[in-house]
Amino acid sequence: MTRSVLVIAAHPDDEILGCGGTLARHARAGDRVSILILGEGATSRADAKAGDVANLRDAAERAARILGASAPRFAGLSDNRLDTVALLDVVKCIEEEVAARNPAVVYTHHGGDLNIDHRIAHQAVLTACRPLPGSAVRSIYAYETPSSTEWSDVAIDSAGFRPTRFVDIGTDLDAKLAALECYASELRAFPHPRSKAAVTALAQWRGTSVGLRAAEAFVVVRDIQTL
């Protein structure tokens, strides 16, 4: 059965780092994959240049095509300043996309990430996707974002990222890495966690944790099943 799948990311490239392989797998299975990117991803940087935002949007569109997803929607909120935006405004951006896409499955950031935009995105998703009667959203999964999830001191606490859902991306890791290459400006040299080698190692580690060649790991926020 074809499902509508929505990923909500704080910045361009988070959608690939967190669940790019899973999105490729959804698309291969015939699911409709949509992407909402909340922040523009560039202007908080000291070396930000004119054209950076447009380049990131172009990268996101090319990455989505590689994965088989529809063209992303960009909310255009200020980078690393979501804490200066009323939470209601962030929620409304997400509610509009949820109403348009009617997703059964939603992927977003883990609530304990170091990055403030990630944490606010998580909270806004839970608000926008609250389990009202008749809601189409059946499952919400939180992904890990290298260079944020593992850098938070919450990660060593019981409330940190403790995955209980693993998606086999053994045949989709190459697509994830190819999509990540669209974001050349965001990649770093190994051993930075946002390097291709580190992303590959994480996928292999998550995979071998559950007897697979490669996997992406998720915290289950909600999972409604009809037996």
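Reported count of residues in the stretch 34-53, each being part of a loop (DSSP other than H, G, I, E, B) and closer than 12 Å to Val7 by Cβ, is 0.
Residues in the stretch 128-139: is at least one assigned to a strand (DSSP E or B), in contact with a strand residue (DSSP E or B) (Cβ under 9 Å, 6 or more places away or on another chain), modelled with pLDDT of 95 or more and within 24 Å of His26 (Cβ to Cβ)? Yes, the stretch 128-139 contains a residue that is assigned to a strand (DSSP E or B), in contact with a strand residue (DSSP E or B) (Cβ under 9 Å, 6 or more places away or on another chain), modelled with pLDDT of 95 or more and within 24 Å of His26 (Cβ to Cβ).
Taking the conditions exactly as written (buried (at least 19 other Cβ atoms within 10 Å of the Cβ), in a helix (DSSP H, G or I), in contact (Cβ under 8 Å) with a residue 40 or more places away in the chain and not polar (S, T, N, Q)), does Leu56 satisfy them or not? Answer is yes for this residue. Go through the residues of the stretch 26-41 one by one and say whether even a single one is over 19 Å from Arg101 (Cβ atoms), surrounded by fewer than 16 Cβ atoms within 10 Å (Cβ to Cβ), free of Cβ contacts under 8 Å to residues at least 40 places away in the same chain and of a type outside the set (Lys, Arg). The answer is no, given that none of the residues of the stretch 26-41 is over 19 Å from Arg101 (Cβ atoms), surrounded by fewer than 16 Cβ atoms within 10 Å (Cβ to Cβ), free of Cβ contacts under 8 Å to residues at least 40 places away in the same chain and of a type outside the set (Lys, Arg). Beta carbons closer than 7 Å, at least 6 apart along the sequence or on distinct chains, pair a first residue in the stretch 85-96 that is within 15 Å of Arg130 (Cβ to Cβ) with a second that is among the small types (Gly, Ala, Ser) for Leu87/Ala124; Val90/Ala124; Val91/Ala124; Val91/Ala128; Ile94/Ala124; Ile94/Ala128; Glu95/Ala128.
If the condition is being crowded, with 21+ Cβ neighbours inside 10 Å, assigned to a loop (DSSP other than H, G, I, E, B) and aliphatic (A, V, I, L, M), then the stretch 64-94 contributes only Ala69. Inspection of the stretch 113-134 identifies at least one residue that is surrounded by 15 or more Cβ atoms within 10 Å (Cβ to Cβ), free of Cβ contacts under 8 Å to residues at least 24 places away in the same chain and not β-branched (Val, Ile, Thr).
One residue stands out among those in the stretch 98-114 that are aliphatic (A, V, I, L, M) and touching a Phe, Trp or Tyr at 6+ places or on another chain (Cβ under 8 Å): the one that is nearest to Tyr141 (Cα to Cα), which is Val106.
May I ask you to say which residue of Glu97, Glu61 is more than 20 Å from Ala24 (Cβ to Cβ), modelled with pLDDT of 95 or more and not in a loop (DSSP other than H, G, I, E, B)?
Working: Glu61 fails: more than 20 Å from Ala24 (Cβ to Cβ).
Residue meeting the stated conditions: Glu97.
The values are calculated or read from the model by the stated rules, or taken from the named source; none is laboratory data. Owing to the predicted nature of the structure, the values given are computational and were not obtained by experimental measurement. For neighbour counting, all protein chains shown are included, and Cβ atoms are generated from backbone atoms with ideal geometry for every residue, glycine included.
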